[in-house]
1. Considering the range 42-59 alone, what residues qualify as being farther than 24 Å from Ile139 by Cβ and either of a type in the set (A, V, I, L, M) or without any contact (Cβ under 8 Å) to a residue 40 or more places away in the chain (or both)?
2. Filter the helices (runs of 4 or more DSSP H) completely within the range 112-209 down to those with at least 2 residues that are within 24 Å of Thr84 (Cα to Cα), free of Cβ contacts under 8 Å to residues at least 24 places away in the same chain and touching an Asp or Glu at 6+ places or on another chain (Cβ under 8 Å).
3. If Val24 satisfies all but one of (1) within 25 Å of Phe186 (Cβ to Cβ); (2) over 20 Å from the mean Cα position of the chain (by Cα); (3) surrounded by fewer than 17 Cβ atoms within 10 Å (Cβ to Cβ); (4) free of Cβ contacts under 8 Å to residues at least 24 places away in the same chain, what's the number of the condition it fails?
4. So, in the range 57-83, exactly how many residues are surrounded by fewer than 23 Cβ atoms within 10 Å (Cβ to Cβ), in a helix (DSSP H, G or I), at pLDDT 95 or above and in contact with a Ser or Thr (Cβ under 9 Å, 6 or more places away or on another chain)?
5. I'd like the full set of residues that are closer than 18 Å to Lys7 by Cβ and either outside the structural domain of Glu17 (by TED's automatic domain parsing) or basic (Lys, Arg) (or both), limited to the range 184-224.
6. Out of everything in the range 155-190 that is surrounded by 22 or more Cβ atoms within 10 Å (Cβ to Cβ) and among the β-branched types (Val, Ile, Thr), what residue ends up being farthest from the chain's Cα centre (by Cα)?
7. Within the range 84-94, is even one residue part of a loop (DSSP other than H, G, I, E, B), buried (at least 16 other Cβ atoms within 10 Å of the Cβ) and at pLDDT below 95?
8. Please give the number of the condition Val98 fails out of (1) in contact (Cβ under 8 Å) with a residue 24 or more places away in the chain; (2) closer than 23 Å to Glu208 by Cα.
Amino acid sequence: MKILFTKNIDPSIISKELGEDIVVDCVEVIKTIPITINPFELKNFSLIFTSVNGVASFFKNRFKPNEDFTAKNYNKIYCVGEKTKRALRKHGFGTFKVLKNAEMLSRFIIGHCQHEQFLHFCGNLAINVLDKDLPLQNIKYQKVTLYNTEEINPLIAEKYHAAVFFSPSGVRSFAKRNSLEDMKLFSIGETTSGELRNFTQKQIFTSEENTLTSIFELIRREMENRF
């Protein structure tokens, strides 16, 4: 059994989760390049993070949110995914609300946060759900690009029984020079699966959560069916 992971993952983790009998290759299909900007005042803004890279770049650029809930102008922090939440915690910040994906965050903001104004710290290829939906509801929203994501577009000659995808940009990078048709397709979350559907009519196996734990659980279940 041979599986391709389209990002680098610690081999010891893969071995622990999937066993020694599975041959796994990891190939990076995208790369991120940080952007340096001058930090600015965050007063009166709610903050949105949708990726670990967004969190890392935010603090690398020396932004200082005010999370003192007793203060008049503290910054509420919204994020997508448990990994993003954990990244914020490493920097000493909690979250006001955590949602599974950008679509759910958009619906929550529209339903409960009409009078807030938002800054979304993200990459250049961040999905456009929030900037498409929120302005239509007259909610003040602005993207702040803190890193660039570049598609590597590798040509992969090896054949695999399955491939695992972790982001829409990773899907596009892989699909530009490689076929999706002769292997099972695993996806971490519905947003990535949506991008896969632009390139194939095959069944896509989507993890329930946007976490490695969830994607490994899904792969193990399907392995029991012997692919």
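1. Passing the criteria: Val52, Ala56, Phe59.
2. none
3. Going through the list (1) within 25 Å of Phe186 (Cβ to Cβ); (2) over 20 Å from the mean Cα position of the chain (by Cα); (3) surrounded by fewer than 17 Cβ atoms within 10 Å (Cβ to Cβ); (4) free of Cβ contacts under 8 Å to residues at least 24 places away in the same chain, Val24 breaks only (3).
4. Total meeting the criteria: 1.
5. Lys184
6. By that ranking, first place goes to Val164.
7. yes
8. Unmet condition: (1).
The values are calculated or read from the model by the stated rules, or taken from the named source; none is laboratory data. As the structure is a prediction and not an experimental result, all values here were calculated from the model. Counting neighbours? That spans all protein chains shown, and the Cβs are built from the backbone with ideal geometry, glycine included.
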